[in-house]
């Protein structure tokens, strides 16, 4: 237990150091961008622009701005949006993170679940029509962008069949169905491909043959022993994919008029809204490093062979 806590304590420190470096690099990159958030304000005179820059501290030396920003991060203050009535960035992101997290989480669960089933069937029916169909679906899912599927889903299920709303966002679950399916195509294709490849190797292992010799059925051996070992490389893939989906797919959110983080990020870039850009970047980075830490922990739960030994924890 002591070695366990020591190992993950180091990982948490590395995670904090990574976030510090990301926040610092992002800040200085923002300051290298040409212009200011008020450059495109044609109605403002030069004197008014100077007043606005002074108000937001943009005339201060970069190092002063940097320490002010990092000091705010320590208290959870990401600054205020230059383009949205001085709304705190934390409030702006909090109001938009819900829809992105919802459709992203649903897409990961749906795509991974269906992908695992498809991959197992393909591996169990290797070189059959089922294997060919699963492989074709995986290639198709990765070859066609999700926004193409989004438009096709709108055309068929919203316009022609009228089963679901065509766009906009409300509290009803029906508004999230089509964007969820559009985003689930990629994790479905990747999960099916990885599970199929790993299961083919796992099913040829000696311990699988031993399980079959004990009288277990082929499908019982596959799901009880094969899938568990095949999940290890899949988890590594799902982690970053989940973060990318849950922090917003910009094009899909735009197609379905979803007020999510992706849409906000595009607007912030177009208007040079530095605090919001840095806030979204930091949010994405935080979720990514946390997911990576969780993935490390899941390794030991899925495969008992991957445990932190006393030697490894030192």
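Throughout, read-outs are computed from the coordinates displayed, never taken from laboratory work. Since the structure is predicted, the reported quantities are computational estimates derived from the model, not experimental observations. With ideal geometry, Cβ positions are generated from the backbone for all residues, glycine too; neighbour counts draw on all protein chains shown.
Some observations on this one:
- Cα centroid separation - segment 48-89 against segment 151-167, whole Å: 43
- With R₀ fixed at 51 Å, the C-beta to C-beta distance from residue 12 to residue 136 puts the FRET efficiency at about 0.75.
- For the peptides 97-108, 126-137, the ranking by packing is 97-108, 126-137, with the highest mean count of neighbouring Cβ atoms within 10 Å listed first.
- Between segment 114-140 and segment 9-32, the C-alpha centres lie 41 angstrom from each other.
- Counting neighbouring Cβ atoms within 10 Å and putting the fewest first, the residues 245, 155, 74 line up as 74, 155, 245.
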